[in-house]
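Following: one structure in structure tokens, then a few remarks.
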Amino acid sequence: MLAGASRFRRPRMAEEARDEKGLTPKQEAFALAYFETGSAAEAYRRAYNVGTDARDSWIYVEACQLLDHPKIAPRIEELRKQAEKLSIFTRQKALEEFEEARALALKTGSAAAMVSATAGKVKLFGLDAPARIRAEVTGKDGGPIESKTEPRELSAAELAEELKRRGLPSDLLD
């Protein structure tokens, strides 16, 4: 199998219809669904009519591959740019308003308002520290992680050697 090739491939029709950008209807549906939901996995489920029994890990891999597809990635970027042009309130407009508020606060000597405007700009560009994320790792079906290694007992000589290697006194064995 080629490096980077997936074992799971979407079946291809002999003659898939393509639009002017070279996208199949399903690829276009994926791009639109991704733009709408922001979730590649959900977009994949919608565009490719994935059954409920499909493994999530498989869906994530396929969806990620589509995000990197040389025709789909530019289409998603094109959709984002179109939405930005049509949007009444853009990131640039928000930046300008924060800067106006900061300049006004500077003139009036309101330190709290200046800090607030600067904090708004920081959040706007995602420069604020992320919230704490708590992650738990579990084994199969939420149970403990199974270990395949068996503990082994060290002989007295092996234990003395290990203590010596770690710079610990061998009298700890007594």
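LEU95 meets all of the listed conditions (1) in contact with a helix residue (DSSP H, G or I) (Cβ under 7 Å, 6 or more places away or on another chain); (2) at pLDDT 90 or above but one, namely (2).
Based on this model, can you work out whether GLU77 counts as at pLDDT 80 or above and under 30 Å from LYS21 (Cα atoms)?
On the way: at pLDDT 80 or above: yes; under 30 Å from LYS21 (Cα atoms): yes.
Judged against the criteria, GLU77 is a match.
Tally the residues that are part of a loop (DSSP other than H, G, I, E, B) and either touching a Pro at 6+ places or on another chain (Cβ under 9 Å) or over 14 Å from ALA40 (Cβ atoms) (or both), restricting the search to the range 55-79. Of the residues in that region, 3 qualify. Output yes when any residue across the range 31-54 is under 14 Å from the mean Cα position of the chain (by Cα), under 19 Å from ARG18 (Cβ atoms) and not in a loop (DSSP other than H, G, I, E, B), and no when none is. For the range 31-54, residues under 14 Å from the mean Cα position of the chain (by Cα), under 19 Å from ARG18 (Cβ atoms) and not in a loop (DSSP other than H, G, I, E, B): present. Among the residues making up the range 17-35, those that are surrounded by fewer than 17 Cβ atoms within 10 Å (Cβ to Cβ), touching a helix residue (DSSP H, G or I) at 6+ places or on another chain (Cβ under 8 Å) and either modelled with pLDDT under 90 or among the aromatic types (Phe, Trp, Tyr) (or both) are ALA17, ASP19, LYS21. Out of the residues in the range 82-91 that are part of a helix (DSSP H, G or I) and surrounded by 10 or more Cβ atoms within 10 Å (Cβ to Cβ), state the one that is modelled with the lowest pLDDT. Residue satisfying both the conditions and the ranking: ARG91.
The values are calculated or read from the model by the stated rules, or taken from the named source; none is laboratory data. Note that this is a predicted model, so its numbers are computed, not measured. Positions of Cβ are backbone-derived with ideal geometry, glycine not excepted, and every protein chain shown enters the neighbour counts.
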